[in-house]
Amino acid sequence: MSTNWNRKDLLGLRELSPEEINFILETADAFKQVGTREIKKVPALRGKTMVNFFVEPSTRTRTSFELAAHRLSADVINISVTTSSLTKGETLKDTARNLEALHADILVLRHSSAGAPQFLAQRLKSSVINAGDGAHEHPTQGLLDVYTIRERRGKIDKLHIVIVGDILFSRVARSNIFALTKLGARVTLVGPSTLVPREFEKLGVTVSYKIDDVLPTADVVNLLRIQHERQRKEYFPGIGEYTTLFGLTKERAKLLKPDCLVMHPGPINRGVEIDSEVADGLQSVILDQVTNGLAVRMAVLYLCGGIAT
Amino acid sequence: MSATLIRSGRVIDPANKRDEVLDLAIVDGKIAEQSAIKDQKAETVDAEGLIVAPGLIDMHVHLREPGFSHKETIESGARAAAAGGFTTIVCMPNTSPAADNPATIAWVNDRAAVTACVNVLPTGAISKNIAGEELAPIGSLGQAGVVAITDDGHCVQNHELMRRAVEYARMVGLPVLDHCQDYNLVGNGVVNEGYWSTLLGLPGWPAAGEEAIVMRNILLAELCDHRIHCQHISAAGSVHLLREARARGVKISGEVCPHHIALTDEAIQNFDTNYKMNPPLRSKEDVDVILEGIADGTLSILCSDHAPHAEFEKEVEFDQAPFGIVGLETELGIFIDQLVHKHRKIDIVRLIEMYTVEPAKLLKLDAGTLSVGAPADVTLIDPDLEWTVKIDKFESASRNSPFGSWKLRGRAVRTIVGGKTVWRL
């Protein structure tokens with residue numbers, strides 16, 4: 001195993017060095033190459049078991065991890081909240097220790113509580129990969145976003161990245177902020193003041209409430225979904241007003257530079273944060289993000305799974 | 001007839017404005033004139049180099065009985081108190097059943113009489129079942145012997161109900177203690193709203209959620225001309241509000257817990273639930289203002305908010321863990337270390353006053369003094385003893401403390417209740 005990587009867990013991007021982030025991206029380059037071959041499977045994790053442990057609903061991320069593990073020849077078990085013993089009152093710690101007792105080498109955890117992956121990583125010998133914890137981090141999403149930008153623009157340094165939407169409740173935003181600022185990008189957050197508090201400026205980013213002032217200088221616009229299912233109604237007056245003030249409508253998209261990339265972690269709400277014409281337009285790299293997610297997750301599983309013995 | 005002579009200690013008795021090296025006599029469980037034991041055989045306790053203080057009072061403790069004896073019992077909580085130097089503890093009513101009725105108070109008093117090695121004084125609830133909807137039978141609770149009413153752990157949100165509780169408590173002669181938390185502002189917050197909550201994505205508990213209720217309590221204390229005591233003050237704004245109101249003579253006061261001066265919200269970054277308490281750890285700026293509030297007397301009482309929880313309850317996801325930490329066995333050491341030695345905000349005399357005269361005055365207790373004839377509750381303190389916190393040696397039934405391995409200077413070395421040594425180092 002390379003000396004460039006010595007972590008058994010991937011819990012977040014805040015704790016990674018720029019070198020470690022770049023090393024994951026370079027490893028992902030190799031796996032992306034594998035995806036273009038006729039036989040897309042490699043034996044890297046043969047004999048290892050990965051458990052997809054999703055305590056919060058997800059299809060995109062769970063499927064991506066599952067496919068990534070299959071391509072690395074690992075055995076895969078899926079556990080979701082309805083099939084887990086958590087609904088019978090078992091604690092997270094006990095459930096995870098049982099999975100470890102079944103020789104699960106890698107635990108991919110999606111959980112609604114911030115810090116749940118840290119909690120397990122401190123207590124288990126298995127690798128713990130954070131697949132999203134509350135509003136804290138979603139490191140593989142952050143990595144695949146950075147990977148996609150780097151693939152299209154050749155670099156991250158000095159690019160102006162604009163992240164729009166519900167930042168306060170977004171783990172995707174936090175992982176993006178940590179990775180992008182480490183790699184030298186200039187990051188601007190845009191959204192309603194209730195969802196983009198000024199406190200974020202202490203993380204080394206700019207906060208703006210005027211999207212039209214920011215879009216003309218953007219190299220990337222990353223639109224986050226308005227998570228109406230987890231918000232108390234006091235945060236903003238309504239979806240219609242949100243679209244009026246912050247939606248990337250086709251009118252507003254005219255402010256973008258021709259080479260500006262449009263990104264979205266999905267699932268997209270057409271007509272809310274983004275118009276269909278923009279989501280499906282030439283500047284959109286939304287589906288590239290999904291494809292790259294597979295390569296990035298193969299890299300993460302390969303690197304962490306190789307450390308855990 | 002039993003007699004004890006505590007020899008050559010520095011007797012600090014703020015109630016009598018006494019601070020001098022002398023012998024303290026105890027006869028039949030009461031403080032006595034020295035002449036009273038001249039001719040008889042007395043046990044002697046050498047207190048040279050030690051402080052001889054009135055028995056310390058912690059007026060904010062959760063003993064968990066009835067209902068949660070796996071966390072703590074009255075017996076184990078009392079032992080923890082003795083080991084921390086406390087001769088009197090005041091226990092909160094959020095038990096199961098809640099202490100909102102005279103029968104539960106009688107049960108607690110009986111249990112304490114049989115099992116507790118220190119004085120245990122119960123509080124009663126403000127509202128039935130601590131639900132904040134209807135008044136508890138405050139008069140009957142008073143007759144059953146509670147020393148105050150409080151919904152601690154919860155906060156009456158309905159200002160009108162709180163007003164009536166304060167008015168009624170005034171008639172009965174009971175002070176009102178309040179856990180200050182506006183539920184709308186706080187929502188599902190679990191940590192201080194600020195830099196660390198933003199970074200970690202944990203739901204924020206804004207300081208304004210405490211300050212709003214402190215303000216409410218100031219207004220009601222004024223309206224009803226009756227004492228309201230704000231529990232575990234954590235936010236700078238609360239200190240400013242209290243300072244202004246006390247200067248105007250409003251019957252309002254506030255207390256401080258050790259974790260709110262010894263730690264900041266930076267400590268939550270590893271998601272360790274032993275740093276999760278309510279109100280939460282705040283910023284360095286808040287800590288500085290609280291220290292000033294202690295120095296100038298705005299915050300007049302020290303306490304622990306001793307909140308035991310079993311390991312299996314605390315060892316869960318951060319936002320799902322119960323709030324609270326144990327404190328009885330570390331609070332005196334932390335306060336002496338931080339307030340007297342490190343920050344030099346108050347001297348040891350004032351610290352003892354904040355643990356004796358102040359709570360005794362607030363709750364109208366026959367305690368906190370070394371006057372002749374008073375119950376012989378005495379704490380011997382070595383203010384310079386250096387020691388290390390060892391959680392596995394706690395007398396408490398629970399272990400949820402963030403202070404393991406802390407090196408502290410100053411602690412109690414002997415605890416005497418009614419003339420009997422109940423604990424010694």
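Summary of values
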| quantity | calculated |
| --- | --- |
| Electrostatic dipole magnitude of region B:207-323 [Cβ: Lys, Arg +1; Asp, Glu -1; Cα centre; debye, to 20] | 580 debye |
| Selection from B:357, B:68, B:299 lying farthest towards where the dipole of region B:55-363 points positive, charges on Cβ | B:357 |
| Solution diffusion estimate, µm²/s, Stokes-Einstein, chain A, Kirkwood Rh from C-alpha pairs, 4 °C, viscosity 1.567 mPa s | 65 µm²/s |
| When region B:134-282 is reduced to its Cα atoms, the Kirkwood hydrodynamic radius in Å | 16.0 Å |
| Positive-end residue, the protein assembly as shown charge dipole about Cα centroid, Cβ charges, pick of B:6, B:425, A:238 | A:238 |
| Amide H contacts of residue B:127 (H built 1.01 Å from N, under 5 Å, at least 5 apart or other chain) | B:132, B:136 |
| Candidates B:207, B:113, B:235, ranked by Gaussian network fluctuation over chain B, Cα under 10 Å, top entry | B:113 |
| Integer Hz, Karplus 6.51/-1.76/1.60 couplings in order for region B:278-288, x for Gly and Pro | 10, x, x, 4, 10, 7, 4, 4, 4, 4, 4 |
| Carbon plus sulfur fraction of accessible area for region B:55-363, probe 1.4 Å, in percent | 49 percent |
| Test item: Cα-centred dipole of region B:1-123, Lys/Arg +1 and Asp/Glu -1 on Cβ, debye | 140 debye |
| Binned Cα-Cα distances of the protein assembly as shown, short to long, each 20 Å bin given as a whole percent | 16, 41, 29, 12, 2, 0 |
| Karplus 3J(HN,Hα) series, Hz, for region B:325-338 with 6.51 cos²θ - 1.76 cosθ + 1.60 (x for Gly, Pro) | 9, 6, x, 4, 8, 10, 4, 5, x, 5, 5, 4, 4, 7 |
| Number of partner chain Cβ atoms within 10 Å, mean per residue of B:191-200 | 5 |
| Distance cut-off 27 Å, percentage of C-alpha pairs in region B:25-164 lying past it | 34 percent |
| log10 of Debye I(q)/I(0), alpha-carbon scatterers only, for region A:31-188 at 0.08, 0.20, 0.21 Å⁻¹ | -0.27, -1.27, -1.32 |
| Amide proton proximity set for residue B:305, modelled H, under 5 Å, gap of 5+ | B:60 |
| When region A:1-77 is reduced to its Cα atoms, the Kirkwood hydrodynamic radius in Å | 14.2 Å |
| In Å², nearest 10: area of residue A:186 left accessible to a 1.4 Å probe | 120 Å² |
| Hits among lysines - C-alpha to C-alpha of residue A:93 under 19 Å, sequence gap 8 or more where chains match | A:8, A:125, B:276, B:314 |
| Cut-off under 5 Å, modelled amide H: who pairs with residue B:22 long-range | B:8, B:9, B:11 |
| Angle between chain B longest axis and helix B:159-172 axis [Cα atoms, degrees, rounded to 10] | 20 degrees |
| In Hz, Karplus ³J(HN,Hα) per residue of region B:95-102 (6.51, -1.76, 1.60; θ = phi - 60°; x = Gly, Pro) | 9, 9, x, 5, 7, 10, 8, x |
| Interface residues, region A:102-121 - accessible area loss of 30 Å² or more versus chain alone, probe 1.4 Å | A:113, A:114, A:119 |
| Cα-derived Rg to Rh of region B:1-81, Kirkwood definition | 1.13 |
| log₁₀ of I(q)/I(0) at q = 0.08 Å⁻¹ - region B:55-363, Debye sum with one point per alpha carbon | -0.31 |
| Helical segments meeting 15 Å axial Cα length and Kyte-Doolittle 1.0 threshold in chain A (DSSP H) | A:286-307 |
| Interface size B-A, as summed buried accessible area [1.4 Å probe, Å², nearest 100] | 1700 Å² |
| Residue of B:37, B:26, B:294 that the Gaussian network model of chain B assigns the largest fluctuation, springs spanning Cα pairs under 10 Å | B:37 |
| Region B:114-211, Rg to Rh (Cα coordinates; Rh as Kirkwood inverse mean 1/r) | 1.10 |
| Test item: Cα-centred dipole of chain B, Lys/Arg +1 and Asp/Glu -1 on Cβ, debye | 780 debye |
| Carbon and sulfur %, accessible surface of chain A computed with the full protein complex present, 1.4 Å | 52 percent |
| Distance violations [Cα-Cα > 26 Å] among B:284/B:393; A:158/A:202; A:40/A:158; B:17/B:284 | B:284/B:393; A:40/A:158; B:17/B:284 |
| 1.4 Å probe accessible area per residue over the protein assembly as shown, in Å² | 38 Å² |
| Candidates A:78, A:98, A:22: whichever shows maximal mean-square fluctuation once chain A is modelled as a Gaussian network with Cα springs under 10 Å | A:98 |
| Degrees separating the helix B:208-224 axis from the principal Cα axis of chain B, which is the longest one | 70 degrees |
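The values are calculated or read from the model by the stated rules, or taken from the named source; none is laboratory data. Because the structure is predicted, anything quoted here is derived from the model rather than measured. Note that each Cβ is placed from the backbone with ideal geometry, even for glycine, and that neighbours are counted across all protein chains shown. In case anyone asks, the SASA skips ligands and DNA or RNA and just uses the protein heavy atoms, side chains included. Shrake-Rupley method; radii C 1.70, N 1.55, O 1.52, S 1.80 Å.
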